[in-house]
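I have placed the structure first, in the form of structure tokens, so that the comments after it can refer back to it.
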Amino acid sequence: MAEVIPAAVLRNLADKLYEKRKNAALDVEGIVKQLAAAGEHEKITAVINLLTTEFTYSPQANHRKGGLIGLAAATVGLTSDAAQHLEQIVPPVLNSFSDQDSRVRYYACEALYNIAKVVRGDFIVFFNQIFDALCKLSADSDANVQSAAHLLDRLVKDIVTESDQFSIEEFIPLLRERMNVLNPYVRQFLVGWITVLDSVPDIDMLGFLPDFLDGLFNMLSDSSHEIRQQADSALSEFLQEIKNSPSVDYGRMAEILVQRAGSPDEFTRLTAITWINEFVKLGGDQLVPYYADILGAILPCISDKEEKIRVVARETNEELRAIKADPAEAFDVGAILSIARSQLSSEWEATRIEALHWISTLLNRHRTEVLQYLGDIFGTLLTALSDPSDEVVLLVLDVHAAIAKDPQHFRQIVVFLVDKFRIDNSLLEKRGALIIRRLCVLLNAERVYRELSTILEGEPDLDFASIMVQALNLILLTSLELSEIRDLLKQSLVNPAGKDLYISLYASWCHSPMAIISLCLLSQLLEPGRHIWLFKALYGLLMLLPQQSAAFKILKTRLKAVPSYSFNGEQLKRTPSGNPYQFLHQMPGGSQITEDGDITMDGGNSHNGINFAARLQQFQQVQHLHRLHSKAQVQSRKNSTSLSKNMVEAQKQEEPRRPQLSEINVPTSRSSSKRSPQV
């Protein structure tokens with residue numbers, strides 16, 4: 001090309017001095033301008049090839065610098081004809097962006113800037129390659145290169161915003177690929193482009209938001225305040241657009257938000273839960289398949305350490321629970337239950353409480369579907385009875401009671417509860433009263449006690465049966481919730497329903513002598529005016545107590561405090577035998593009750609059909625089993641102790657016999673003075 005570009009121009013184009021290269025570039029511009037005017041595009045192509053192969057790809061840095069300024073000059077010379085030569089001009093310039101020499105990279109930015117100014121919209125076909133190059137240059141190690149890249153970036157943004165040839169569909173994959181870069185300069189570069197493109201009316205960035213939403217959320221936790229602010233500003237703008245848009249892909253974004261709601265960064269969590277809040281309000285049917293995931297994000301945030309997050313999470317939770325979705329519309333009851341069940345093991349009380357509220361809500365609205373998953377949640381609900389929070393335990397019992405409304409589930413729950421008490425004695429000790437009392441309120445006290453008694457009657461673990469009966473008996477005697485049962489038992493001699501309840505409880509109460517005494521006293525003897533046996537029983541107990549004990553003194557004082565009018569005019573009379581401690585009570589109709597409880601009757605049966613002899617035999621049989629069990633335990637312990645001793649003795653016999661001190665030959669003072677034998 002010596003005939004087109006003089007040799008002197010080519011030499012100056014590769015000179016180390018910038019001024020000479022610049023002057024040479026002006027010569028190239030003039031030459032190309034003349035060729036373009038003459039329509040000699042083949043020669044123009046040859047000039048561009050020369051500048052590319054001999055200069056931009058040269059191993060000499062000054063040649064590469066000259067080649068870049070020469071290509072820019074050629075483009076300026078081409079003016080309106082430059083578009084048809086861009087395929088030759090732009091690639092070598094883009095290649096120079098990765099040059100090892102920072103000055104070459106700088107001149108590449110300058111060259112592309114000048115080329116872009118000439119071709120404007122025709123430049124768009126290379127947008128993805130240019131964007132990729134600028135993304136890298138935004139984090140260049142050389143400040144001058146960064147500055148040049150920023151100037152070029154602003155020009156490219158101007159060109160894109162005014163162009164109708166830009167393809168957002170082709171650009172989004174490139175943007176998505178870059179969004180997780182951690183370099184702060186690149187992040188600023190990306191957010192800048194997202195903001196600019198979103199401001200262009202003809203570009204639908206909202207439609208592609210799911211592709212880069214996660215990247216924006218990732219930037220909210222950046223160490224740079226400026227980047228966090230820029231990302232937050234972009235997200236706020238997109239959220240406003242979502243509120244005003246009739247068509248939004250809530251589903252894909254919901255998946256991202258659910259993940260970000262669990263971020264360790266407080267600001268990210270707050271932003272994510274705020275978005276979820278808006279989505280729940282706006283999303284409607286689109287969000288139905290994602291309800292479980294959304295709930296999984298909300299419940300932990302209800303217990304967040306930051307109040308702002310807790311407030312938004314609670315509001316969102318109420319909004320979500322207020323939506324009445326149908327399983328026929330992709331509402332997955334099983335998935336929601338699974339989330340609620342998993343959150344019952346949360347370390348935070350507020351979260352556990354809301355999880356139980358969700359289970360209750362589902363039971364009320366979709367009972368049939370929930371009961372299908374009963375096997376999956378039942379164990380967790382039983383475990384929750386050991387929760388340290390009373391409020392949680394009460395809510396768990398509410399759920400159990402709701403399940404037990406069906407007869408087929410009632411016994412199942414009581415059986416599981418007894419099994420839980422058997423396995424976890426501390427639960428019975430610490431929460432037994434609370435649990436039993438609450439179930440009695442929710443499920444009818446008589447029904448609960450009858451079922452418990454039936455189960456315990458055949459309980460093979462006699463020790464547990466005794467402990468459980470003692471606990472139930474104490475609750476029966478003292479709890480306000482069981483007052484109706486106590487009233488019914490007091491009528492067991494005159495009321496068939498009371499008699500039936502008495503017999504039902506008696507069978508299992510036999511496991512504890514004190515419990516059976518309490519039951520008998522409660523059922524028959526608490527009206528001394530009618531049943532003098534109470535005094536007999538109490539005086540009998542008094543005689544068994546050590547006279548100097550506090551219990552003896554208390555009981556004696558209480559017996560003396562019984563008012564005389566409680567006998568309805570009847571008196572305790574000395575019997576003909578002269579025994580001052582035998583009681584004689586005149587019953588209506590001429591019957592008399594003596595000390596031993598014998599009754600002389602004119603007719604009828606005052607026991608209302610209760611066979612006391614059979615009851616006594618039943619008690620004796622059960623207690624016989626307990627005595628045998630106790631003896632077996634004692635014998636087992638003896639055998640175990642004996643076995644241990646035998647093993648110790650056997651070990652001693654197997655060990656080498658150690659000589660006793662008396663058997664060791666210790667030299668006396670006389671012998672020690674003798675000379676030791678030589679070895």
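The values are calculated or read from the model by the stated rules, or taken from the named source; none is laboratory data. All values derive from a computational prediction rather than experimental measurement. With ideal geometry, Cβ positions are generated from the backbone for all residues, glycine too; neighbour counts draw on all protein chains shown. Just so you know, the surface numbers come from the protein's heavy atoms only, side chains and all, with ligands and any DNA or RNA stripped out. Shrake-Rupley method; radii C 1.70, N 1.55, O 1.52, S 1.80 Å.
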Would you pick out the residues in segment 487-497 that are crowded, with 18+ Cβ neighbours inside 10 Å and in contact (Cβ under 8 Å) with a residue 40 or more places away in the chain? L488, S492, L493
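Could you list all residues from segment 529-559 that are of a type in the set (S, T, Y) and in contact (Cβ under 8 Å) with a residue 24 or more places away in the chain? So that I can check it myself, show each step before the final result.
Filtering segment 529-559 down to residues of a type in the set (S, T, Y) leaves 539, 549, 557.
Result: Y539, single match.
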Looking only at segment 147-166, count how many residues are open to solvent by 30 Å² or more (accessible area, probe 1.4 Å) and either among the charged types (D, E, K, R) or without any contact (Cβ under 8 Å) to a residue 40 or more places away in the chain (or both). 8
Determine whether segment 358-377 contains at least one residue that is farther than 23 Å from L257 by Cβ and in contact with a His (Cβ under 9 Å, 6 or more places away or on another chain). yes
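In segment 122-149, which residues are part of a loop (DSSP other than H, G, I, E, B), farther than 20 Å from V191 by Cα and either under 46 Å from the mean Cα position of the chain (by Cα) or among the small types (G, A, S) (or both)? If you could, list the steps in order and put the result at the bottom.
Just the residues of segment 122-149 that are part of a loop (DSSP other than H, G, I, E, B), to begin with: 138-142.
Retained after the next criterion (residues that are farther than 20 Å from V191 by Cα): 141-142.
Selection gives S141 alone.
For segment 51-70, how many residues are of a type in the set (A, V, I, L, M), over 60 Å from the mean Cα position of the chain (by Cα) and buried (at least 21 other Cβ atoms within 10 Å of the Cβ)?
If we filter segment 51-70 for residues that are of a type in the set (A, V, I, L, M), which is where we start, we get 51, 61, 68-69.
In the following step, the residues that additionally are over 60 Å from the mean Cα position of the chain (by Cα) were identified as 51, 61, 69.
In the following step, the residues that additionally are buried (at least 21 other Cβ atoms within 10 Å of the Cβ) were identified as 51, 69.
The qualifying residues number 2.
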Restricting segment 315-333 to residues that are part of a helix (DSSP H, G or I) and free of Cβ contacts under 8 Å to residues at least 40 places away in the same chain, which is least open to solvent (accessible area, probe 1.4 Å)? N317
Of these, T268, T274, which one is of a type in the set (S, T, Y), at pLDDT 95 or above and open to solvent by 40 Å² or more (accessible area, probe 1.4 Å)? T274
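Have a look at H400, H357 and point out the one that is part of a helix (DSSP H, G or I), at pLDDT 90 or above and surrounded by 19 or more Cβ atoms within 10 Å (Cβ to Cβ). Don't jump to the end; show me each part of the working.
Working: H357 fails: surrounded by 19 or more Cβ atoms within 10 Å (Cβ to Cβ).
Result: H400 is the single residue among H400, H357 that is part of a helix (DSSP H, G or I), at pLDDT 90 or above and surrounded by 19 or more Cβ atoms within 10 Å (Cβ to Cβ).
Yes/no matrix, rows are residues, columns are (1) within 17 Å of V119 (Cα to Cα); (2) surrounded by fewer than 19 Cβ atoms within 10 Å (Cβ to Cβ); (3) among the aliphatic types (A, V, I, L, M):
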residue: L10; (1), (2), (3): no, no, yes
residue: K20; (1), (2), (3): no, yes, no
residue: N23; (1), (2), (3): no, yes, no
residue: N49; (1), (2), (3): no, yes, no
residue: A72; (1), (2), (3): yes, no, yes
residue: T79; (1), (2), (3): yes, yes, no
residue: Q84; (1), (2), (3): yes, yes, no
residue: E87; (1), (2), (3): yes, yes, no
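Within segment 29-67, track down each residue that is part of a helix (DSSP H, G or I) and of a type in the set (G, A, S). If you could, list the steps in order and put the result at the bottom.
Initially, segment 29-67 is screened for residues part of a helix (DSSP H, G or I), giving 29-38, 41-56, 61-67.
Across segment 29-67, the qualifying residues are G30, A36, A37, A38, A46, A61, G66, G67.
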Subset of segment 403-415 (residues that are at pLDDT below 90, in a helix (DSSP H, G or I) and open to solvent by 60 Å² or more (accessible area, probe 1.4 Å)): P407, Q408, Q412
Per-region count, segment 233-258, residues out of contact with any helix residue (DSSP H, G or I) (no Cβ under 7 Å at 6 or more places or on another chain), among the small types (G, A, S) and assigned to a helix (DSSP H, G or I): 2
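Evaluate the following for E484: is it part of a helix (DSSP H, G or I), surrounded by fewer than 21 Cβ atoms within 10 Å (Cβ to Cβ), under 42 Å from the mean Cα position of the chain (by Cα) and of a type outside the set (A, V, I, L, M)?
Working: part of a helix (DSSP H, G or I): yes; surrounded by fewer than 21 Cβ atoms within 10 Å (Cβ to Cβ): yes; under 42 Å from the mean Cα position of the chain (by Cα): yes; of a type outside the set (A, V, I, L, M): yes.
Criteria met by E484.
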Using the structure shown, decide if E451 is outside any helix (DSSP H, G or I) and buried (at least 17 other Cβ atoms within 10 Å of the Cβ). no
Which of the numbered conditions does L190 fail, given that it passes all the others? Conditions: (1) within 24 Å of S141 (Cβ to Cβ); (2) surrounded by fewer than 17 Cβ atoms within 10 Å (Cβ to Cβ). (2)
Being in contact with a helix residue (DSSP H, G or I) (Cβ under 7 Å, 6 or more places away or on another chain) and at pLDDT 70 or above narrows F619, F612 down to just F619
Go through (1) part of a helix (DSSP H, G or I); (2) at pLDDT below 90; (3) of a type in the set (A, V, I, L, M, F, W, C) one by one and return the number of the condition V392 breaks. (2)
Being within 23 Å of I423 (Cα to Cα) and open to solvent by 10 Å² or more (accessible area, probe 1.4 Å) is the requirement here; does T383 meet it? yes
Verdict on D293 being under 24 Å from F267 (Cβ atoms), among the charged types (D, E, K, R), under 15 Å from the mean Cα position of the chain (by Cα) and outside any helix (DSSP H, G or I): no
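Kindly check whether there is at least one residue in segment 306-314 that is part of a helix (DSSP H, G or I), open to solvent by less than 50 Å² (accessible area, probe 1.4 Å), modelled with pLDDT of 95 or more and more than 25 Å from I227 (Cα to Cα). Full working, then the answer.
Restricting attention to segment 306-314, the residues satisfying the condition of being part of a helix (DSSP H, G or I) are 307-314.
So of that shortlist, the ones also open to solvent by less than 50 Å² (accessible area, probe 1.4 Å) come out as 309, 312-313.
Going one step further and asking which of them are modelled with pLDDT of 95 or more, we end up with 309, 312-313.
Narrowing the set further to residues that are more than 25 Å from I227 (Cα to Cα) leaves 313.
So far as segment 306-314 goes, yes, one or more of its residues are part of a helix (DSSP H, G or I), open to solvent by less than 50 Å² (accessible area, probe 1.4 Å), modelled with pLDDT of 95 or more and more than 25 Å from I227 (Cα to Cα).
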Qualifying residues in segment 219-240 (those that are touching a residue at least 40 places away in the same chain (Cβ under 8 Å) and more than 15 Å from I276 (Cα to Cα)) - the one surrounded by the fewest Cβ atoms within 10 Å (Cβ to Cβ): S224
Could you list, in sequence order, the residues of segment 25-42 that are under 20 Å from A111 (Cβ atoms), open to solvent by 70 Å² or more (accessible area, probe 1.4 Å) and among the aliphatic types (A, V, I, L, M)? L26
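Listed here are the residues, each with its yes/no results for (1) under 14 Å from S504 (Cβ atoms); (2) among the hydroxyl-bearing types (S, T, Y); (3) buried (at least 19 other Cβ atoms within 10 Å of the Cβ); (4) touching a Leu at 6+ places or on another chain (Cβ under 6 Å).
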position	(1), (2), (3), (4)
E429	no, no, no, no
I436	no, no, yes, no
R447	yes, no, no, no
A465	no, no, yes, yes
L477	no, no, no, no
L480	no, no, no, no
Note on segment 167-187: residues open to solvent by 30 Å² or more (accessible area, probe 1.4 Å) and closer than 26 Å to S221 by Cα are P173, R176, E177, R178, N180, V181, L182, N183, P184, Y185
